[in-house]
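Taken together, the values in this text are just the output of simple stated rules run on the coordinates, not laboratory data. These figures come from a predicted structure and were not determined experimentally. Counting neighbours? That spans all protein chains shown, and the Cβs are built from the backbone with ideal geometry, glycine included.
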Amino acid sequence: MKSLFCLYIILLLILAAIAVPRTAMGNVSLVDKRMSDRGLYVTSYVARSPSLFDSIRKRAKEAGFNTLVIDAKVILNRPLLKILKRGELTPETKVEPSPWLVKLTKELNEEGFIVTTRLVVFRDSQLAEARPDLAVRESEGDFYMDLMGEKWVDPYSDEVRLYNELIAERAALSGVDEIQFDYIRFPVEASAADAYYPFQQEDAVRTEAINAFLEAVHKRVKKYNVSIAADTFGITAWQREADVEILGQDLKGMAKYLDVISLMFYPSHFGAGFGGFSNPGLHPYYFVNTGIKRARKILSGEDVTIVPWLQGFNLRSPTFGPDYILEQIRAVEDEGIGSYLVWNPRNDYRTAFQALKKAGEAVPHSYPLCTSARGGAPFIDTLEDNLLDYKVQLTWTTEQGCYEKYGEYREVPAAISWSDLLFHSCRDDIFMTSLSPGDLQTADPWTGPLP
């Protein structure tokens, strides 16, 4: 009897330990990972400027955005840069949460936002200047600089990769929902073709260097229940061998270590003549929609979600305006995807807000509800209960067209209003939206509208 009692106590302690929510100190919870949904990019400067940030938060929420992608490397790297400069960084180096990011993440989560931390990886003037031996060089020995005058560090370097791994771990410890890597590639601008990589070995393959970094990050942060995302050039969806090899971005290989891939389908970033268009910037629907189709074909069978970046700025796009953004959103949703991120480097989202107001899309969105089952059947969920059992066909109409998807549910408790229901698929091809009774048409076992 005594041994049974002891076993009972041990079981209670184990259950109590695993039930503790994830905190800034890195405790793991049983709550599914949160991934970016409908979001905006925010610079670290704006995020630290209360009046500017408060305005963006307020207007973002009103427009139906629920994700903020926040630059944070310049804050998270400070203690690690000092250690790296002394040459003392090791895989056993201990990191601590960022008090600023802990506080900000808590506030934003309480407001209903998903918090994604954007970390620029290999484009790093600060690191190149602190450790010149890690920098990418011109053939004559000077620092390599891209068209914006930024320096890069060597993706082949173990120290460079470890440094960024540990920065990612600081972000995870700070409680963010998602870590998004940008500039996770080799440089291609200016004199990049002749650049020298000090740590490049004979027969080194660029895609393998990028994938090795992602694999190491995945192993390091998986205990924190945080999503991992990566930004890639939109052109990688066209899988031209030269692009993949030069950038080092192989979507299929990267997907093994990611929860989210965010391809940058900015129409203005495709070269003149690409796809037969003299100015790709005039064709927002084509490049976003075609890119998603191609990416989904490449990523077929991979457990990864596509959340594309959309162009929220005017560059070589004479027709840019609210309709330009709506065309991109329609291109995404026509492929059954409801998640997207809008990029504006100056954080000027007036056009994006006007677009969503015009479309009447200012509806509340919630966190993804079933990420742990991605790849399985879609379902209806509520804030209070999982409803799984009977099949139902969901039909609703938007300005972009009529969508029909399938889900499963159990009889809905009378206490839960239909307006509280959220539809979300565990796959990336069905988007989440608010539903109302008139939006639902049933299949077996019912023959008419649900109550």
*Taking Cα centroids, how far is the range 121-185 from the range 284-308 in Å?*
27
*Determine, for each peptide in 148-155, 76-83, the mean count of other beta carbons within 10 angstrom over its residues, then list the peptides with the highest first.*
148-155, 76-83
*Among the lysines, which fall within straight-line cross-link reach of Lys85, defined as a Cα-Cα distance under 17 Å, with same-chain neighbours fewer than 8 residues apart omitted?*
Lys73, Lys94, Lys151
*Amide H partners (placed H, <5 Å) of Trp309, local residues excluded*: Leu263, Met264, Phe265, Leu341
*Taking amide hydrogens as modeled 1.01 Å from N in the peptide plane, which residues meet the under 5 Å criterion relative to Phe143, leaving out close sequence neighbours?*
Glu138
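With only Lys, Arg, Asp and Glu charged, each at its Cβ (+1 for the first two, -1 for the last two), find how big the charge dipole of the range 217-364 is about the Cα centre; round to the nearest 20 debye.
320
Just how large is the dipole of the range 147-290 about the Cα centre, in debye to the nearest 20, putting +1 at every Lys and Arg Cβ and -1 at every Asp and Glu Cβ? Please report the intermediate quantities before stating the final value.
On the way: 12 positive and 21 negative charges, 87 e Å.
So the dipole magnitude of the range 147-290 works out to roughly 420 debye.
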_Vicinal HN-Hα couplings computed from phi for the range 306-320 (Karplus, 6.51 cos²θ - 1.76 cosθ + 1.60; Hz; Gly/Pro x)_ = 8, 10, x, 8, 10, 7, x, 9, 9, 8, 6, 9, x, 9, 4
*Apply the Karplus parameterisation 6.51 cos²θ - 1.76 cosθ + 1.60, with θ equal to phi minus 60°, to every residue of the range 279-296 and state each ³J(HN,Hα) to the nearest whole Hz, in sequence, with x for glycine and proline.*
9, x, x, 8, 10, x, 5, 4, 5, 6, 5, 5, x, 5, 4, 5, 5, 5
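Would you list Trp343, Trp309, Trp238 from fewest to most Cβ contacts within 10 Å? If you can, show how the numbers build up before the last one.
Values: Trp343 20, Trp309 23, Trp238 17.
Starting with the residue having the fewest Cβ neighbours, the order is Trp238, Trp343, Trp309.
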*If the limit is 22 Å between Cα atoms, which of Lys58/Lys103; Lys33/Lys297; Lys58/Lys222; Lys33/Lys219; Lys293/Lys357; Lys222/Lys293 go over it?*
Lys33/Lys297; Lys58/Lys222; Lys293/Lys357; Lys222/Lys293
*In sequence order, what are the phi-derived ³J(HN,Hα) couplings for the range 82-88 according to the Karplus relation 6.51 cos²θ - 1.76 cosθ + 1.60 with θ = phi - 60°, rounded to whole Hz, with x for glycine and proline?*
5, 5, 5, 4, 7, x, 10
*Taking other Cβ within 10 Å of each residue's Cβ, how do Ser191, Ser98, Ser157, Ser262 sort, fewest first?*
Ser191, Ser157, Ser98, Ser262
*Please express the shape of the range 28-368 as an equivalent ellipsoid: the semi-axes are the square roots of 5 times the eigenvalues of the C-alpha gyration tensor, given largest first in whole angstrom.*
30, 25, 19
*asked:* Going by amide H atoms built from the backbone, whose H comes under 5 Å of the H on Arg118, apart from near neighbours?
replied: Ile70, Asp71, Ala72, Gln180
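Exposure proxy check: Ile210, Ile228 ranked by fewest other beta carbons within 10 Å? Don't skip to the end; give the middle numbers.
Numbers: Ile210 27, Ile228 22.
If I rank by nearby Cβ atoms, fewest first, I get Ile228, Ile210.
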